[in-house]
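The values are calculated or read from the model by the stated rules, or taken from the named source; none is laboratory data. These numbers were taken from a predicted model, which means no experiment stands behind them. Note that each Cβ is placed from the backbone with ideal geometry, even for glycine, and that neighbours are counted across all protein chains shown. We work out accessible area using only protein heavy atoms, side chains counted, and drop any ligands, DNA or RNA first. Shrake-Rupley method; radii C 1.70, N 1.55, O 1.52, S 1.80 Å.
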Amino acid sequence: MAQFDVHRNIGKHKDDIPYVVLVQSSLYDSYRRRVVVPLVRKAALGKISNQRFNPSFKIETLQVVLHPLEIVSVPNEQLGEYVQSLATEGNRIMDALDELLTQAWG
């Protein structure tokens, strides 16, 4: 497993959230959990008002949107099958997480 790997969601919401993307640094590979962000079907999410916060990707044949507000830690054994890497899109994913976590003043 590597940062920005996309895995199938095997959880109960897999119809609307078919994939998750691993965002955790490899510095923590020895832990038994991984931090992932859901990739939600674009049709299920509706209008996207902030492309920086909710970037879109095509995974297999589906248009999906990163949903940083649903970030979660899951046990390694609950990650589904590896699908593909979004390493080339890593900057867009990190920009979205930066948008979520950067302290805003005012």
Inter-residue pairs, beta-carbon under 8 Å, first modelled with pLDDT under 95 and in the stretch 1-24, second part of a loop (DSSP other than H, G, I, E, B), 6+ apart = 1/29; 11/17
Quickly run through the stretch 51-106 and pick out the residues that are over 12 Å from the mean Cα position of the chain (by Cα) and of a type in the set (Ser, Thr, Tyr).
-> 61, 82, 88, 102
Limited to the stretch 56-84, what total is found for residues that are part of a strand (DSSP E or B), open to solvent by 20 Å² or more (accessible area, probe 1.4 Å) and touching a residue at least 24 places away in the same chain (Cβ under 8 Å)?
-> 9
Residue list for the stretch 74-98, restricted to those being touching a Phe, Trp or Tyr at 6+ places or on another chain (Cβ under 9 Å), more than 20 Å from residue 42 (Cα to Cα) and not β-branched (Val, Ile, Thr) | 76, 80, 87
Going by the structure shown, is residue 39 modelled with pLDDT of 95 or more and in contact with a Lys or Arg (Cβ under 6 Å, 6 or more places away or on another chain)?
-> no
